[in-house]
Amino acid sequence: MSEAAFEDELLTEAPARADTDPAFVADLKDAIDDSDEDRIRRLVAPLHEADAADVFEQLSASRLERIAELTPDVYTGEVLAEITPDTREVVLGHLDSSHLAAAITDLDSDDATEVIEELDVDTREAVLAEISAPDREAVELSLAFDDETAGRLMQREFVAAPSFWTVGHALDHMRATDEELPDKFHDLFVIDAGFRPVGEIPVCRLLSAARATRLTEIMEQPRIKVDPETDQEEVAYLFQKYHLVSAPVVDAAGRLTGMLTLDDIVDVIQDENKEDMLALAGVNEAGLADTVLQSVRSRAPWLLVNLATAILASGVIALFEGSIQQIVALAVLMPIVASMGGNAGTQSLAVAVRSIAERDLTAANSVRVIWRELATGTLNGLIFAVVMGVTTLLWFGDLQLAGVIAIAMVLNLACAGLSGILIPLGLMRAGADPAVASSVFVTTVTDVVGFLAFLGLATLVLL
């Protein structure tokens, strides 16, 4: 086959972005439904692991299971490391321990740990029994740390050299060593006699230096040394703050035990941001492979909380039932006040949660930020008080009613801005996650204050 024909065949079987090509995904579904093993392999084999993972994530659980039965070899270690946890859970339950052991053998320890930690106890023990002793020890050491910590996230393969070596010594050692080097690494760590990191050298600087140059002459001090018990969100913050591509992980004695790399930290940042975004909406992550029952189970509790708060707001309305019966316009206008307050509170809340997550909102500047949100809410309230006052006057021809809704608008939007910042700060001080519970409380406050202010003022002024 000519080179051109070979390239044409690759382009036909594997588009550059198969994960975004509906025709490709449809072809794969047809191959699975037809139990065509050769066609499944032919379609999946040319794909990059990340693209293959994206394609698999678009399949139903039954088709994922069918692939595991027909062509388990397409679930390579790299693919298993790339797919999302919910999809991986479906797949892992239908792969035998021998296949899993072979699949993770070529993975770095951090990726191997990510796959193995999701196995049930019996399968995990069977897989660990089939891999080499060094790999098994690395995985077991990682599993000993809590989930979402640096110890669970770190890679135990790294490159280190003693401080008395020269560049030539380091390069010759890396080329001649029998030990496997990490698949990708960006820094060489310089260690002292106690195996404690005293410096780090970017690979680009190492390669450009003269062989006779001592490592201590070109190294720079490690900007951070990470404790394995450190929360992964804290590590991600440090990577962002210091613009790191890798960082050493040290034990209690300060000895180098592993490294963290930027590719894993990017995943952490994305996961944390996605988690906060979903939490603000009161839902958990739902994968395409989730069943209806799983989706209902994750969302129903928050809907129950929202129902309780809605009943509370309705109770406030019920207090003014007589006023609403006498002035029908109140029923028309009161949802506007509550809705504007809810939107204003959500805006303030989103800013607050983001600032807390990025460590921008601290005790030192909290008073200034609280005042800013209160002032912003009040000024917005004044602006929309004029808008709604004029609208109400033109609509109903009642100057007093226009004044009532204008005052209620100012009060509710000022309260919305204040609650949007105070509630997440209060939850953070109490040790709770502001992203998870803040939206329910803020919405409740704006609804109750909005109805109470508008209906209460209307009762006092108009009746």
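Simple spin-label model, 7 Å along Cα-to-Cβ: M174 to A430 in nm?
It works out to 5.2 nm between the two label points.
With r defined as the distance between the Cβ atoms of D192 and V245 and R0 fixed at 25 Å, what FRET efficiency is calculated, to the nearest 0.05?
0.65
To the nearest 10 degrees, how steeply does helix 133-143 sit against the main Cα axis of the chain, on a 0 to 90 scale?
Rounded to the nearest ten degrees, it is 10.
What percentage of all Cα-Cα pairs in the chain are separated by more than 43 Å?
Summing the P(r) tail past 43 Å for the chain gives 38 percent.
Determine the dipole magnitude for the chain: charges of +1 sit on the beta-carbon of Lys and Arg, -1 on that of Asp and Glu, nothing else is charged, the reference point is the Cα centre, and the result goes in debye to the nearest 20.
Approximately 3320 debye in magnitude.
Need the C-alpha centroid separation for the range 432-463 versus the range 140-200, integer Å.
Measuring centre to centre over Cα atoms gives 56 Å.
Can you give the helix-only mean residue ellipticity at 222 nm for the chain, where every DSSP H stretch with n ≥ 4 adds -39500 (n - 2.57) and the sum goes over all residues, rounded to the nearest 500 deg cm²/dmol?
-21000 deg cm²/dmol
Working out 0.36 nm times the residue gap between Q325 and K225, then minus their Cα-Cα distance, what length gain in nm do you get to one decimal?
Residue separation times 0.36 nm, minus the Cα-Cα distance, leaves 29.2 nm.
Only four residue types carry charge here, +1 at the Cβ of Lys and Arg and -1 at the Cβ of Asp and Glu. Report the dipole size of the range 292-462 about the Cα centre in Debye, rounded to the nearest 20.
Using only the charged Cβ atoms, the result is roughly 400 debye.
Work out, step by step, the length gained on full extension between D21 and E69: first 0.36 nm times the residue separation, then minus their alpha carbon distance; give nm to one decimal.
In short, 14.8 nm is gained.
For I191, list long-range residues whose amide hydrogen, built 1.01 Å from N in the peptide plane, is under 5 Å from its own amide hydrogen.
Residues meeting the criterion, in which the H sits 1.01 Å from N, are A161, S163, V198.
Where a ≥ b ≥ c are the square roots of the eigenvalues of the C-alpha gyration tensor, would you call the range 17-89 rounded, which needs a/c under 1.5, or, failing that, prolate if a/b is larger than b/c, or oblate?
Here the range 17-89 falls in the rounded category.
T309 to L181: extension gain in nm, 0.36 nm per residue of separation minus the Cα-Cα distance?
40.4 nm
Return a whole-number percent for the relative contact order of the range 3-153, with Cα pairs under 8 Å and 6 or more residues apart as the contact set.
Relative CO of the range 3-153 lands at 17 percent.
How far is the Cα center of the range 247-262 from the Cα center of the range 297-355, in Å?
The range 247-262 and the range 297-355 have Cα centres spaced 50 Å from each other.
In whole Hz and in residue order, list the ³J(HN,Hα) couplings for the range 368-380 that follow from phi through the Karplus curve 6.51 cos²θ - 1.76 cosθ + 1.60, θ = phi - 60°; x for Gly and Pro.
Karplus-based 3J(HN,Hα) across the range 368-380 equals 5, 5, 4, 4, 4, 5, 5, 5, 5, x, 5, 5, 4 Hz.
Among L312, A453, I423, whose Cα projects farthest towards the positive end of the dipole of the range 292-462, with charges put on the beta-carbon of Lys, Arg (+1) and Asp, Glu (-1)?
It is I423, whose Cα lies furthest towards the positive end.
Say the dipole of the range 160-261 comes from +1 at the beta carbon of Lys and Arg and -1 at that of Asp and Glu; which of T166, L256, V226 then lies farthest toward its positive end?
Value computed over the given set: T166.
Using each residue's phi in the range 94-111, evaluate 6.51 cos²θ - 1.76 cosθ + 1.60 at θ = phi - 60° and report the 3J(HN,Hα) Karplus result to the nearest Hz, with x for Gly and Pro.
In residue order, the calculated couplings are 10, 10, 7, 5, 5, 5, 4, 4, 5, 5, 8, 4, 8, 8, 5, 4, 5, 5 Hz.
Once Lys and Arg get +1 and Asp and Glu get -1 on their Cβ, which of A338, I407, I83 lies farthest toward the positive end of the dipole of the chain?
So the residue we want is I407.
Just to check I understand the Karplus step: with θ = phi - 60° and J = 6.51 cos²θ - 1.76 cosθ + 1.60, what whole-Hz values come out for the range 407-417, glycine and proline as x?
5, 4, 5, 5, 4, 6, 6, 5, 5, 5, x
Quick note: the coordinates plus some simple rules give every number you see, no bench work behind them. Since the model is a prediction, treat every value here as computed from it, not as a measurement. All Cβ positions, glycine included, derive from the backbone under ideal geometry; neighbour counts span all protein chains shown.
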